Every structure is written in C-alpha cells, then in structure tokens.
Amino acid sequence: ATTAEVGRAVAADEWKDIMVLADGELRKIMSVPIVKSTDMDEEFVAETKDAVSMVVDKFSTTENWEAASKMLKEVMDKKFGASWQVAIGQGFGFDINYAKSNMAYIFYGSVGVLLYKI
C-alpha cells in the first residue's frame, strides 16, 4: 500500500469514528423529552416528562402507541387525579379545550405526546 492509500484508510476510519460519535450524541439528545408547549408548573412538568420517558421507552420497540397512551393515562390519573387525555404518535395536530395549567405537548425522539386534563 502506498502512503496515499494508507492516508485515505486512516481518514476513512477517523470519519467512521466521528459518525459514530455524532450518532451517539444525536441519540443522547433525542432521548430527552422536549417540551414544545405547556402551561404546567415546572415541578409538574418534570414529573410528566419522567412518565413520558418511561412509557415511550417501554413501547418504542413495538410502536404500540395505543397501549402506550392507555398506560400513560393511567399513570397521570394516579399521580395527578382523573380525567387525563393522552395522544401519542407521529404526524398529528390538535385543537383542544383543557383545564388551565393541565396541558403539555412533548416530543420524545420523533414521537409526539399530548397530555391534557378536561
């Protein structure tokens, strides 16, 4: 192998390492719930984000968002009282009426999670 070929091989290996690092960093960033919209108190939001993370992580491999919604509703009803509504999925919009200080729209990776109390 010539010096130029070895140089290209090293550069390709380095690029591969950079791509793995970038992918790992992206996964780390994507594994944090991002609140797009809410009117909840900070403490309430933190607990809601924890619940969203738990449920979406559990169902992300099967993508059974109906079961995930049901489980998240049960968690929210137990923690914060009854009448929570939950929608989980990709590519949806909403126009809702909800109880004041009881709505959150959160993205966890590519999945949108809407929680609100009526």
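The values are calculated or read from the model by the stated rules, or taken from the named source; none is laboratory data. Please read these numbers as outputs of a predicted model, since none were measured by experiment. A quick note on method: Cβ atoms are made from the backbone with ideal geometry, for glycine too, and the neighbour counts reach across all protein chains shown. Calculation scope for accessible area: heavy atoms of the full protein, side chains included, ligands and nucleic acids excluded. Shrake-Rupley method; radii C 1.70, N 1.55, O 1.52, S 1.80 Å.
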Hits in the range 74-93 (condition: loosely packed, with under 11 Cβ neighbours inside 10 Å, of a type in the set (A, V, I, L, M, F, W, C) and within 16 Å of the chain's Cα centre (by Cα)): 92
message: Looking at the structure I just gave you, is residue 99 in a strand (DSSP E or B), of a type outside the set (Val, Ile, Thr) and open to solvent by less than 50 Å² (accessible area, probe 1.4 Å)?
response: no
query: Say we look at the range 54-73 and pick out the residues that are of a type in the set (D, E, K, R) and either over 21 Å from residue 109 (Cα atoms) or in a helix (DSSP H, G or I) (or both); which of these is most open to solvent (accessible area, probe 1.4 Å)?
result: 66
Residue among 118, 106 that is on the phi < 0 side of the Ramachandran plot, in contact (Cβ under 8 Å) with a residue 24 or more places away in the chain and surrounded by 17 or more Cβ atoms within 10 Å (Cβ to Cβ): 106
